[in-house]
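Since the structure comes first, as structure tokens, the remarks are kept for the end.
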Amino acid sequence: FFFESQISGKMLEESIQTSIKTYAKQYAGQTNRQVYKHAFHDLVMKPHPEGGDFAFFGNTQRAQFADALKKIVASIPSGAHIWDVGAGAGDVVPLFSGLDNVTMHLEEPNQHLLETYKGAVEAASNLTLGKVYQGPLQDFYEQPSKVEQYVPPPVNLVLAIHMIYFLNDYTKDDIAPLESLKAAMGCLYQRLQKGGRIFIVYAGPNNYAIPITLHYFKTHQPDKPYSKNLEAILAAWKELFEDSGLVGHLNQLCPDDAASVKAEHLPCHFFAKDKLDLAAMGAITNLIPSDDEPFDVMRMESCCEWVEKHGAECGLAIEEGDVPQKGCWKINVNQVVVEITKQ
């Protein structure tokens, strides 16, 4: 029986490895941008069959933070200014349908996403397009003279939704994530009107995108500083946002105002019919660069390996609830929602 179990286990392992290589192979010959588009747009943002704003089959993240954002939006006055940084394609625009005469200012490096967002604003009768900058947020505090004409007037709300990952380059040898984040948040805070708020969303603890990334770097690039840098970045997020370590810095920048920082952890999930699709979805945060270089299939194999061996540590399971995703695979992608207020 012992030897039969060994043989059975070996056959199962070989079967898993074959499935991993078969799955990863479908991404061979594609660029990073093509793989990202499929993983994000076709899998994570797969539409909910019943439709609705912020309702997606592939994830519950958007619906979760939309509930928190709606409460803030309800208090925004007529004639307000909103600055969306790392803006994306304008998924949030439907949330502003009840507002009156609001000016939207945008910062987004990706031209295609930015044009889509601009189109959504121009199609909304209650919204006006304000300052639009195609480039990184870092330019506003590292090269301010370069972007003077793109700086918005004092705003009521800043949106920074799943974009803080791009404020620190984990591939560099010497990084200072605390200082980089302080500089970015200080830049945004100084653009707030009194009573204004910054709304931030990022991957929180028990979000599988973090260990799936660390698994790749520790296994395949242990001589690089990547995993150490990512752990330092995670620690900086916790210190500044979840432990309110940012308050003192903001109060120094604006001594006539009082800053408050409030963080909330939200449980969320990704869903996929094919278990290994969760590997591609987990790779989008740190393992798929935003460029047209050939995609490294080894990265996908590593992500698949993590899902098979360690996915249960982040809640990998079959969805059994009475929801459209019933029978699909799900995994935790918990997030943190942060509100910074200038009082």
Output the residue which, of all residues in the stretch 17-39 that are of a type outside the set (Ser, Thr, Tyr) and open to solvent by less than 40 Å² (accessible area, probe 1.4 Å), is farthest from Asp292 (Cα to Cα). Ile20
Looking at Gly248, Gly282, Gly327, which one is assigned to a loop (DSSP other than H, G, I, E, B) and at pLDDT 95 or above? Gly327
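Only one residue in Gly9, Gly86, Gly51 is open to solvent by less than 60 Å² (accessible area, probe 1.4 Å), at pLDDT below 90 and at positive phi. Which one?
Gly51 is the lone residue from the list that is open to solvent by less than 60 Å² (accessible area, probe 1.4 Å), at pLDDT below 90 and at positive phi.
Which of the following residues is of a type in the set (Ser, Thr, Tyr), surrounded by 15 or more Cβ atoms within 10 Å (Cβ to Cβ) and more than 18 Å from the chain's Cα centre (by Cα): Tyr117, Tyr141, Tyr165?
Only one candidate passes the filter, namely Tyr141.
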In the set Val158, Val151, the lone residue that is open to solvent by less than 30 Å² (accessible area, probe 1.4 Å), at pLDDT 95 or above and of a type outside the set (Gly, Ala, Ser) is Val158
Which of the residues that make up the stretch 169-191 are assigned to a loop (DSSP other than H, G, I, E, B) and at pLDDT 90 or above? Ile175, Ala176, Arg191
Going by the structure shown, is Lys342 open to solvent by 30 Å² or more (accessible area, probe 1.4 Å) and in contact (Cβ under 8 Å) with a residue 24 or more places away in the chain? no
Just checking, which of Lys172, Lys182, Lys194 is on the phi < 0 side of the Ramachandran plot, without any contact (Cβ under 8 Å) to a residue 60 or more places away in the chain and open to solvent by 20 Å² or more (accessible area, probe 1.4 Å)? Lys172
Got a sec? Which of Lys218, Lys228 is out of contact with any helix residue (DSSP H, G or I) (no Cβ under 7 Å at 6 or more places or on another chain), farther than 18 Å from Glu339 by Cα, modelled with pLDDT under 95 and of a type in the set (Lys, Arg)? Lys228
Does Phe295 count as among the aromatic types (Phe, Trp, Tyr), under 30 Å from Gly321 (Cβ atoms) and either in contact with a strand residue (DSSP E or B) (Cβ under 9 Å, 6 or more places away or on another chain) or at pLDDT 95 or above (or both)? no
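Step by step: first the residues of the stretch 289-335, then only those that are of a type in the set (Val, Ile, Thr) and out of contact with any helix residue (DSSP H, G or I) (no Cβ under 9 Å at 6 or more places or on another chain), then the one that is farthest from Ile16 (Cα to Cα). Which residue is that?
Once the filter is applied, the top-ranked residue is Val323.
Only one residue in Ala232, Ala280, Ala258, Ala312 is open to solvent by less than 50 Å² (accessible area, probe 1.4 Å) and closer than 30 Å to Pro47 by Cα, so which one is that?
None of the other options fit; the residue is Ala280.
The values are calculated or read from the model by the stated rules, or taken from the named source; none is laboratory data. Just so we're clear, the structure is a prediction, and the values are computed from it rather than from any experiment. Heads up, the Cβs are rebuilt from the backbone with ideal geometry, glycines too, and the neighbour counts pull from every protein chain shown. Remember, those area values only see protein heavy atoms, side chains included, never the ligands or the DNA or RNA. Shrake-Rupley method; radii C 1.70, N 1.55, O 1.52, S 1.80 Å.
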